[in-house]
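Take a look at the structure set out below.
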Amino acid sequence: MAEPLDTRQQERLDYAPLHVFRFHVSFRRQPIHGPAGSEVALCQGAFAECTGLEATMEPKVIKVGGSNYGAVQRAGPVTFATVVLKRGMTKTRNGRQDLWDWFAKVAAGGYAYRMEVEIEMRNGRDEPVLRWALRRALPVKFKAADLNARGNEVGIEELHLAHEGLVLVS
């Protein structure tokens with residue numbers, strides 16, 4: 001019979017299998033006017049892949065007169081990459097419909113709420129490990145799963161989100 005693991009060994013095992021992490025995503029509608037924290041939950045789901053959690057700062061080069069050694073670097077504007085969520089399922093059937101309705105309103109040029117999107121990374125025991133928040137997100141691409149009677153894919157194949165801010169939530 002194997003001996004029980006000490007706590008240090010157990011902690012290493014908890015975080016070792018990075019490939020078993022899952023991404024739980026929640027979408028909350030942000031009101032136009034109102035206090036912070038008054039968001040309305042739209043839906044929740046889980047996705048197999050999440051890419052594009054990226055912020056880039058473009059440096060500004062300032063040439064100073066009389067200084068021949070080099071230019072001065074200053075912080076410039078920050079841009080955010082499009083976040084791509086792949087192979088997802090929502091907790092309810094209405095969740096897929098809600099996300100599609102949100103995309104369709106934006107695509108039609110009509111008024112659509114911005115969403116507060118939280119992407120939570122979970123370990124193999126389904127415990128939260130890390131959480132990112134996208135501020136004022138809008139859908140820019142929605143791809144449903146292929147319709148194949150032999151396949152077992154259901155749900156959302158891809159959801160692309162443009163946003164105005166990336167925050168690591170503590």
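Somewhere in segment 70-87, is a residue within 21 Å of Arg28 (Cα to Cα) and in contact with a Cys (Cβ under 6 Å, 6 or more places away or on another chain)? Quick ask: steps written out before the conclusion?
Narrowing segment 70-87 to residues within 21 Å of Arg28 (Cα to Cα): 80-87.
Narrowing further to those that are in contact with a Cys (Cβ under 6 Å, 6 or more places away or on another chain): 85.
Scanning segment 70-87, I find at least one residue that is within 21 Å of Arg28 (Cα to Cα) and in contact with a Cys (Cβ under 6 Å, 6 or more places away or on another chain), so the answer is yes.
Exactly one of (1) surrounded by 13 or more Cβ atoms within 10 Å (Cβ to Cβ); (2) within 16 Å of the chain's Cα centre (by Cα) is unmet by Pro128. Its number?
In the conditions (1) surrounded by 13 or more Cβ atoms within 10 Å (Cβ to Cβ); (2) within 16 Å of the chain's Cα centre (by Cα), Pro128 misses (1) alone.
Kindly list, by first and then second residue, each pair from a residue in segment 143-166 that is modelled with pLDDT of 90 or more to a residue that is among the hydroxyl-bearing types (Ser, Thr, Tyr) and assigned to a loop (DSSP other than H, G, I, E, B), limited to pairs with Cβ atoms under 8 Å and residues at least 6 apart or on different chains.
Here the result reads His160/Thr82; Leu161/Thr82; Ala162/Thr82, each pair linking segment 143-166 to a residue that is among the hydroxyl-bearing types (Ser, Thr, Tyr) and assigned to a loop (DSSP other than H, G, I, E, B).
The values are calculated or read from the model by the stated rules, or taken from the named source; none is laboratory data. These numbers were taken from a predicted model, which means no experiment stands behind them. Cβ atoms come from the backbone with ideal geometry, glycine included; neighbour counts cover every protein chain shown.
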